[in-house]
Amino acid sequence: MWWLYIPLIIVGVVLIFFGLLVFLGRFRNGALLRPVIARLSRIGFMRRFFTSISTKAIERQNPELASAIKKINPIASNPNPQAVQKAMSRLTPAERRAYMEAAQEQGGVPDTANRKMRRQAERMQQQARGGRPGGGGASSSRKRKRK
């Protein structure tokens, strides 16, 4: 007769586990749950599960960002600067704006070291906002070359 309690024990353990996950997710904005998720994501099916959940949540909250992520993900494994630039050129202005906002929020846009890289980042941000990449209009004067 003791074997009748096995399903109750299994259901009880699953409920306790689920309650613990909910508690860790709520406590300190999930700071204690992040290491658990990182460890679980080493397992293949769990990584796919977490990725699909995250993608679905982003699609509900910000469809432009989800579309941009889908277009940029194929080159994310090998971040070649030319490939990144090519992928960014495929984005619509709304997608580019959403991606740049998300990257700044996550800290994905690093402080670039040299002037050329800073100017490229500024141009990309300006294009994402819908401005002209040159920065100036017809009234800006050009420097003359010396002979």
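The values are calculated or read from the model by the stated rules, or taken from the named source; none is laboratory data. What you see is a predicted model; the values in this text were computed from it and never measured. No Cβ is skipped: glycine too gets one built from the backbone with ideal geometry, and neighbour counts run over all protein chains shown. These accessible areas exclude ligands, DNA and RNA; they are computed on the full protein's heavy atoms, side chains included. Shrake-Rupley method; radii C 1.70, N 1.55, O 1.52, S 1.80 Å.
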>> Within segment 1-82, considering only helices (runs of 4 or more DSSP H) that don't extend past its boundaries, which have at least 3 residues that are open to solvent by less than 80 Å² (accessible area, probe 1.4 Å), at negative phi and modelled with pLDDT under 85?
In response: 63-76
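Here is a yes/no grid of residues against (1) open to solvent by 60 Å² or more (accessible area, probe 1.4 Å); (2) within 19 Å of Q61 (Cβ to Cβ); (3) outside any helix (DSSP H, G or I); (4) modelled with pLDDT under 80:
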position: A94; (1), (2), (3), (4): no, yes, no, no
position: M100; (1), (2), (3), (4): no, yes, no, no
position: A103; (1), (2), (3), (4): no, yes, no, no
position: P110; (1), (2), (3), (4): yes, no, yes, yes
position: R123; (1), (2), (3), (4): yes, no, no, no
position: K147; (1), (2), (3), (4): yes, no, yes, yes
